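Data first, discussion second: the structure below is written as structure tokens.
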Amino acid sequence: MADLEQARRIVELMVLTAWADGRVEGVEALAIHKLTLAFPQLRDVGPTGEISSVAKERLQRAGIAAAVRVAAEAITDAKYREITFQCCAKVSGADGIFMQEENAVLTELQKVFGYDNEDVKRLLVLATR
């Protein structure tokens with residue numbers, strides 16, 4: 001899969017993380033925008049409106065767990081998987097409230113990517129930088 005397609009899936013997963021609790025806060029949307037600029041691998045994604053629409057449609061059709069699983073399974077590169085986890089962790093904490101629904105996204109990513117608890121701890125530390 002092309003790097004750009006994996007990058008688009010990362011943005012989709014950030015959007016799903018923001019929508020996990022049923023609404024997107026302004027700080028979460030801003031965090032997604034900032035993260036797409038902060039990671040060189042995500043910069044070529046461009047405007048995220050179309051990706052957000054696809055993510056929301058999949059969420060409404062399939063539910064959060066299935067939507068996350070479909071998007072996450074499309075990310076096969078180890079580096080992109082790490083970026084995904086870090087970005088979703090940052091989005092989940094952007095509003096200063098860690099919701100159970102947002103944590104469920106991280107748990108689903110952990111399962112799909114085959115991360116153990118040590119991997120998760122390492123990536124969460126990186127996400128706080």
Taking the range 18-72 and keeping residues without any contact (Cβ under 8 Å) to a residue 12 or more places away in the chain, assigned to a helix (DSSP H, G or I) and within 17 Å of LEU106 (Cβ to Cβ) leaves ALA66
Note on ALA18: of the conditions (1) under 12 Å from the mean Cα position of the chain (by Cα); (2) closer than 16 Å to ALA7 by Cα; (3) modelled with pLDDT under 95, unmet is (2)
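Out of THR84, THR48, THR76, report the one residue that is at negative phi, of a type in the set (Ser, Thr, Tyr) and surrounded by fewer than 18 Cβ atoms within 10 Å (Cβ to Cβ).
THR76
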Log entry, pairs with first residue in the range 78-100 being under 13 Å from LEU30 (Cα atoms) and in contact (Cβ under 8 Å) with a residue 12 or more places away in the chain, second being part of a helix (DSSP H, G or I) and of a type in the set (D, E, K, R), beta carbons closer than 7 Å, six or more apart or on different chains, reads VAL91/GLU28; SER92/GLU102; ALA94/GLU28; ASP95/GLU28
Given the condition at pLDDT 95 or above and of a type in the set (Val, Ile, Thr), answer yes or no: does some residue in the range 113-126 qualify? no
Taking the range 91-129 and keeping residues under 18 Å from THR76 (Cα atoms) and among the charged types (D, E, K, R) leaves GLU108, LYS111, ASP116, ASP119
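The values are calculated or read from the model by the stated rules, or taken from the named source; none is laboratory data. Predicted model, so just to flag it, every value in this text is computed and none were measured. We place every Cβ from the backbone using ideal geometry, glycine too, and count neighbours over all the protein chains shown.
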